[in-house]
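The values are calculated or read from the model by the stated rules, or taken from the named source; none is laboratory data. The structure displayed is predicted, hence computed values, not measured ones. No Cβ is skipped: glycine too gets one built from the backbone with ideal geometry, and neighbour counts run over all protein chains shown.
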Amino acid sequence: MSRLENRGPNSVTDEPLISVEDVKVHFEKERSLFEMFSEPDVVKAVDGVSVDIGENDVLALVGESGCGKTTLGKTIIGLQKPSAGTISYRGRDIWETKAGNTDLSFADIRSSLQIIHQDPGSSLNPNRRIVETLSEPIRLTHPAITAGERRARIHSLLERVGMTPARDFASRYPHQLSGGEKQRVALARALLMNPDVILADEAISALDVSLRVEMMDLMLDLQEEFNTSFVFISHDLSNARYFAEHGDGRVGVMYLGNLVEVGPPEQLITDPQHPYTEVLRWATPNLALDATNASEPPMRKIDIPDPVNPPSGCRFHTRCPKAREACTQLQPELREVSDSHQVACFRSDPDHEYWESSELED
Amino acid sequence: MGHYYLRRTARVFVTIWLVASLSFGLIRLLPGGPFTLLRANLLRQGVPASEVDARIANLQNIRPNAPLWEQYFDYMFAAAQGNLGTSISLDEPVSQVIAEAVPWTVFIVLVSTILIFVFGILLGAIQAYWEGSRFDQLVSGVSITLMSVPFYVVAVLALFVFAYQFGWFPPAGTIGPTVEPGLTPEFVLSALKHAVLPIFSYTITGIGGQALAMRGNSIQVLGNDYVEVARLRGLSDRRIATRYVARNAILPLYTGFLLLLGFRLGGTVILEQIFSYPGLGYYMWSALESNDYPLMMGTFLVITIALVIGVYIADLTYGIIDPRISRGETDAY
């Protein structure tokens, strides 16, 4: 709260929409009867991430399975309560607001942050027609609107997301739609809430490859029209790049609960600063620019470390080909290498003790 | 679509016809044959041997000396007209005995099955919301225990404790001996009092299974993304619980409900015997004991027809309740 008061009159415009500060999400593993008195195993799904999302922004999160990108995404839209750190919406802490301690009502925040899930089959209530599913958000946001107007809005939006004839689609049940069409309905439903941020949690991963670009283009078109920001989660660097590039946003690379590199897609891919980004680039065939080296993975080990017992220091040091002694001791922080390009690697700092320490030997 | 309903309805009649034929055939295969006892009885009563066959034919719509296929047609035509012959042991038309017995059995079965569903669904839904809590564990344990106890064990215990030890409820019959049938308060009260123990023992052993089924379904539905989205839209918990979770979780139980109704009708054979409750099952048992073939066939037929109709209704209405069951129409995909 005090931060808000200290700001000048012009600062409202550059205030981030969502501000994530040093957020940690730890899950405790349930203990069995025999482990009653031992320390519980803690999975650090997200371990100290700070990132800002502005108005009409795109943040594409990439990383391998289990790196915490979905958990971070859900934390950003207030679905997952962080174990530590704060997450604020327009300067108000979301979880404080939920407790009723700020001037904003939680219902406002709630409807401003929406989600599109990965599985189109599970994201629509099988017992409601498309028109019923879509009238619910309108009824919530515009209680005064008549049924006829509601129908007209739904039809025009369905046409807008490429589902024609809208009248026919509106009267269908979800099981009568294809996966791509269901995902379009999910997008339409999220947009009808007039949200500020939509979390697209692997929203295109379940779609046919040929439909992915189309769906991404649709989301980007509507982003401008509806003035929404997207947090786009993907495990495919090329999809993330496409989305962030066309949405004029950033790509964030996650590794074991840490954000290791954030930057504009073009820079991140042509000039990756973090060795892990390099690995991701290598793993994405059409991005491996020098195909001659494509057969050799740019890392020492393929195995992912146990998230319950993450490696000390830099978490990537067990697999990093450039790791040195210093990496096993200290954890690098995100630091700016150029405009809006940040990386958490000692190699970005020419004065770091990393350069003096000895190389790791397997 | 209409085609489907037509086919489905035709199948009901075919099934009932098959069941009737089967009961006719099976009973004729029983040792002694259906009319040996009746013939002996009539002879003992002093009916002249020459008239015995005519009397039997008169009573049972069947000519005992005719070829089997003629007997079969006679029986089927009479049954189609609602004439099921005359009970040998009770000396009353079978259809009349059944008509008097059916309301009591339907009352017990319907009430106990509805109770099972109401309580089972409530318990299961609460368990699902509080998954892993003390309450959930306790109810699951009790449910499994009750599921493994047969209803007739509970029935015998209930009869012993509540009827004989405490004397709270009458041990037998459908209404008190002095009560006149009619829509009077005494009649309703007496009927309820007589039905409490049978309904109780029939219900308590069935709730557990339904609760566990509902719990499983609800937990599965709760994990669906559309429930999370509904929460994100800020819908009230109550609306989510009823319109989103309960509705989708109850659907699979619906067919089970109508099937269970039919199967439990058959279970009354034992239940009504324990409580000397003169319903359908009670008469079926006494018919078996006294070699009363017409009554046996009649009760058997009615119980099976009830089951067939239960499944029929379930099939017809499922498409209305769950849009995903498409009644054979193909759309999309």
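From the list A:L268, A:L259, the lone residue that is assigned to a strand (DSSP E or B), aliphatic (A, V, I, L, M) and under 26 Å from A:D351 (Cα atoms) is A:L259.
Among the residues of segment B:174-233, the one identified as within 14 Å of another protein chain (Cβ to nearest Cβ), among the basic types (K, R) and in a helix (DSSP H, G or I) is B:R231.
Taking the stated definitions as given, is A:Q176 polar (S, T, N, Q), within 14 Å of chain B (Cβ to nearest Cβ) and under 19 Å from A:I115 (Cβ atoms)? So A:Q176 does not fit the description; no.
Per the listing B:L259, B:L271, the residue uniquely in a helix (DSSP H, G or I), modelled with pLDDT of 85 or more and away from every other protein chain (no Cβ under 14 Å) is B:L271.
Could you say whether any residue in segment A:140-151 is at the interface with chain B (Cβ under 10 Å from one of its Cβ atoms), within 30 Å of B:L251 (Cα to Cα) and assigned to a helix (DSSP H, G or I)? Within segment A:140-151 (the criterion being at the interface with chain B (Cβ under 10 Å from one of its Cβ atoms), within 30 Å of B:L251 (Cα to Cα) and assigned to a helix (DSSP H, G or I)), the answer is yes, since at least one residue qualifies. Residues in segment A:187-245 that are within 26 Å of A:G66 (Cα to Cα) and of a type in the set (D, E, K, R): A:D201, A:E202, A:D208, A:R212, A:D236, A:R241, A:E245. Scanning segment A:179-198 for residues that are in a helix (DSSP H, G or I) and either small (G, A, S) or at the interface with another protein chain (Cβ under 10 Å from one of its Cβ atoms) (or both) gives A:G179, A:G180, A:E181, A:A186, A:A188, A:R189, A:A190, A:L192.
The lone criterion from (1) modelled with pLDDT of 90 or more; (2) within 13 Å of chain B (Cβ to nearest Cβ) left unmet by A:D108 is number (1).
Just one of the numbered conditions (1) more than 13 Å from A:S123 (Cβ to Cβ); (2) surrounded by fewer than 19 Cβ atoms within 10 Å (Cβ to Cβ); (3) touching a helix residue (DSSP H, G or I) at 6+ places or on another chain (Cβ under 9 Å) is not true of A:G179: (1).
Among the numbered conditions (1) assigned to a loop (DSSP other than H, G, I, E, B); (2) under 18 Å from B:F300 (Cβ atoms); (3) at pLDDT below 80; (4) not charged (D, E, K, R), the only one that B:I27 does not meet is (1).
In segment A:120-133, the residues that are at the interface with chain B (Cβ under 8 Å from one of its Cβ atoms) and under 16 Å from A:A200 (Cβ atoms) reach residues that are part of a loop (DSSP other than H, G, I, E, B) and at pLDDT 85 or above with C-beta atoms within less than 7 angstrom, at least six apart or across chains, in these pairs: A:S122/B:N224; A:S123/A:H117.
The residues listed here are A:T141, A:T146; of these, the one that is in contact with a Ser or Thr (Cβ under 8 Å, 6 or more places away or on another chain), surrounded by fewer than 16 Cβ atoms within 10 Å (Cβ to Cβ) and at negative phi is A:T141.
To keep it simple, each residue is scored yes or no on (1) buried (at least 18 other Cβ atoms within 10 Å of the Cβ); (2) within 14 Å of chain B (Cβ to nearest Cβ).
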| site | (1), (2) |
| --- | --- |
| A:G73 | yes, yes |
| A:Q80 | yes, yes |
| A:S83 | no, no |
| A:K98 | no, yes |
| A:N101 | no, no |
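Note on segment A:152-167: among residues that are among the basic types (K, R) and surrounded by 15 or more Cβ atoms within 10 Å (Cβ to Cβ), the one that is nearest to the other protein chains (Cβ to nearest Cβ) is A:R153. When A:Q331 is tested against (1) surrounded by 21 or more Cβ atoms within 10 Å (Cβ to Cβ); (2) touching a Cys at 6+ places or on another chain (Cβ under 8 Å); (3) over 30 Å from A:S112 (Cα atoms), just one condition goes unmet, and that condition is (1). When A:L211, A:L259 are screened for being surrounded by 24 or more Cβ atoms within 10 Å (Cβ to Cβ) and out of contact with any Lys or Arg (no Cβ under 8 Å at 6 or more places or on another chain), only A:L259 passes.
Restricting segment B:242-256 to residues that are more than 13 Å from chain A (Cβ to nearest Cβ) and not hydroxyl-bearing (S, T, Y) leaves a set whose member that is surrounded by the fewest Cβ atoms within 10 Å (Cβ to Cβ) is B:G256. As a summary of the residue check, A:Q80 satisfies the conditions (1) more than 19 Å from A:I233 (Cα to Cα); (2) at pLDDT 85 or above; (3) not hydroxyl-bearing (S, T, Y) except for the one numbered (1). Residues of segment A:276-286 that are surrounded by fewer than 23 Cβ atoms within 10 Å (Cβ to Cβ) and touching a helix residue (DSSP H, G or I) at 6+ places or on another chain (Cβ under 9 Å): A:R281, A:W282, A:A283, A:T284, A:P285, A:N286.
Note on segment A:103-120: residues that are hydroxyl-bearing (S, T, Y) and surrounded by 17 or more Cβ atoms within 10 Å (Cβ to Cβ) amount to 2.
Within segment A:249-258, can one find any residue that is of a type outside the set (D, E, K, R) and over 23 Å from A:D57 (Cβ atoms)? Yes, segment A:249-258 contains at least one residue that is of a type outside the set (D, E, K, R) and over 23 Å from A:D57 (Cβ atoms).
All of A:S111, A:S105, A:S135, A:S123 fail the test of being under 19 Å from B:R233 (Cβ atoms) and touching a strand residue (DSSP E or B) at 6+ places or on another chain (Cβ under 9 Å), apart from A:S123.
Residues that are under 15 Å from B:L159 (Cα atoms), crowded, with 24+ Cβ neighbours inside 10 Å and among the hydrophobic types (A, V, I, L, M, F, W, C) within segment B:183-217 comprise just one, B:L197.
In segment B:170-197, the residues that are closer than 26 Å to B:I270 by Cβ and modelled with pLDDT of 80 or more form Cβ pairs under 8 Å with partners that are in a helix (DSSP H, G or I) and among the basic types (K, R), at six or more places apart or across chains, as follows: B:P170/B:K193.
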